[in-house]
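Please see the structure below; I have some questions.
The values are calculated or read from the model by the stated rules, or taken from the named source; none is laboratory data. This is a predicted model, so every value here is computed, not measured. Because the Cβ atoms are built from the backbone with ideal geometry, glycine has one as well, and the counts that use them run over all protein chains shown. Ligands, DNA and RNA are excluded from the accessible area calculation, which covers all protein heavy atoms including side chains. Shrake-Rupley method; radii C 1.70, N 1.55, O 1.52, S 1.80 Å.
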Amino acid sequence: MSRYLPSVSAKIFSEKQISEKKKEKNRCRTKSPILGLLGAQGQVFHYASQYYTWIALGAPCIILTLIPANQLRTEGLASLSMAGSIVGSVVNIVLDPLFIFGLGMGAGGAAIATVLGNLATDIVFAVCIRKKSSKLTTDPRLAKTDLATIAAVLAIGLPSSLNNLMNSFGTALLNRSLVSYGADKVAAMGIASKVNMMAAMVMIAFAFGAQALIGYNYGSGNKARLREVLKFDLMVQMGIAFAGGTVLMLSAPRMIRLFMDDPAILEAGTLMLRRLLLGLPCIGVFLVCSTLFMSTGKSLATLLLSLSRQGIVFAAVLFTLSACFGYAGVTAAQPAADFLSALLGLLLLKAGRIDM
């Protein structure tokens, strides 16, 4: 009788494993379509699922940071807006190694650190509004507005929301195009994109910082000052693009190696980063046009630009270049889309005839 026990135990253990796998599959079923659409496959899916879960749960904290950050800048309290963002970033940086390595939570730990960093920013912003702002309040009882104001906000706000959606859409398309060339190519593009964003985010910060000045001068009819602001804004964008792009291009292998020292990823990431950096000047033009349209109430032009750079234009360029040049076309798709989107912005600016 005892000789049958091992086989029976093995069978029970095997059935238990199968049951656990089925439960795990059911738990991930609702996430699979979204993660699959974003290009997560195989081993990557496990880590993507961990990150996705916590980011989805913490989404309210993340989204909430955007509102007071812009409102404080509009009131002229740009330093407080920057301070809140810096506090959140520092909290995120400090908690990342603690959760990822110290507590062994991996990708999930990185997501938790991100959520807590944004929560810290929310708290700082709430304190700043209560203590320093003379125009803003955190009292929900005073949250009253009219339909005309809501419509105006939605007319400009929806294109901005679509722009964020297009960023995710573009990333998903790019990952799905790269996955057939190997997981190392997907990882390399992820690293290259993050390094490229070091310069791009600085450009975005200056572009949106100038948005209030553009709106004030356009609304007051101060055309001469508006032209000066736009000229200076464009000069700043080009300066950051060329200076930041040159530094990152020369140090591309070192920057990629900071994240991962795998030879294949290092080679692919260096190539990808240098190609992405070629689009920085075009991103500068795109940002100036985009913020100008938002600040002057040109909702249609804002919508078209929001759908272009990582949306319709990017998809068309990606499919065309990948079909013609394969892997090389995929890696060149983003800078090509940046150029076409900047050109579209200039054409819309000319066609819109903004009174300047």
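Let me check against my output: what whole-number percent is the relative contact order of region 197-329, with C-alpha pairs under 8 Å and at least 6 apart?
28 percent
Full extension from residue 251 to residue 94: what is 0.36 nm times the residue separation minus their Cα-Cα distance, to one decimal in nm?
Difference between extended and current length: 54.0 nm.
For the pair residue 312/residue 179, report the inter-label distance in nm, with labels modelled 7 Å from Cα in the Cβ direction.
Each label point lies 7 Å from its Cα, and together they span 2.7 nm.
Sum up the charges of everything whose Cβ sits under 15 Å from the Cβ of residue 270, counting Lys and Arg as +1 and Asp and Glu as -1, but leave residue 270 out.
Net charge around residue 270: +2.
Would you work out if region 139-236 is rounded, prolate or oblate? Take a ≥ b ≥ c from the square roots of the eigenvalues of the alpha-carbon gyration tensor; rounded if a/c is under 1.5, else prolate when a/b is larger than b/c, oblate otherwise.
Judged from the Cα gyration tensor, region 139-236 comes out oblate (a/c at least 1.5, b/c at or above a/b).
While we're here: Would you mind computing, in nm to one decimal, how far apart the modelled labels at residue 300 and residue 126 are, each placed 7 Å from Cα along Cα→Cβ?
According to this spin-label approximation, the distance is 4.3 nm.
Compute the length gained on full extension between residue 149 and residue 347: take 0.36 nm times their separation in residues and subtract their Cα-Cα distance, giving the result in nm to one decimal.
Here the answer is 68.4 nm.
With the contact rule set at Cα under 8 Å and sequence spacing of 6 or more, what percent relative contact order holds for region 276-341?
Relative contact order comes out at 46 percent.
Same structure, new question: How large is ³J(HN,Hα), in whole Hz, for each residue of region 100-112 in order, when computed from phi with the Karplus curve 6.51 cos²θ - 1.76 cosθ + 1.60 and θ = phi - 60°, using x for Gly and Pro?
Running phi through 6.51 cos²θ - 1.76 cosθ + 1.60 with θ = phi - 60° gives 6, 9, x, 9, x, 8, x, 4, x, x, 5, 5, 4 Hz.
What are the ³J(HN,Hα) couplings of region 163-173, residue after residue, when phi is run through the Karplus curve with 6.51, -1.76, 1.60 and θ = phi - 60°? Round to Hz, x for glycine and proline.
Calculated HN-Hα couplings, in order: 4, 5, 5, 5, 4, 5, 4, x, 4, 4, 4 Hz.
Follow-up. For region 252-356, report the accessible area per residue in Å² (1.4 Å probe, heavy atoms, rounded to an integer).
So region 252-356 comes to 44 Å² accessible per residue, rounded to a whole number.
If I compute solvent accessible area with a 1.4 Å probe over the protein chains, what percent of it on region 83-181 is carbon and sulfur?
On region 83-181, the fraction of accessible area on carbon and sulfur atoms equals 68 percent.
What does the charge count near residue 257 come to, summing +1 for each Lys or Arg and -1 for each Asp or Glu among other residues with Cβ under 15 Å from its Cβ?
-1
How much accessible area per residue does region 135-200 have, in Å², with a 1.4 Å probe?
59 Å²
Given a cut-off of 22 Å, name the pairs among 231/298; 194/350; 223/350; 231/350 whose C-alpha atoms lie farther apart than that in the structure shown.
Table pairs above 22 Å Cα-Cα are 194/350.
With a cut-off of 8 Å between alpha carbons and a minimum separation of six or more residues, what is the relative contact order of region 239-294 in percent?
Relative contact order here is 42 percent.
Hey, could you get me the Stokes-Einstein D for region 206-356, Kirkwood radius over alpha-carbon pairs, 37 °C and 0.692 mPa s, rounded to whole µm² s⁻¹?
It diffuses with D of about 196 µm²/s by this estimate.
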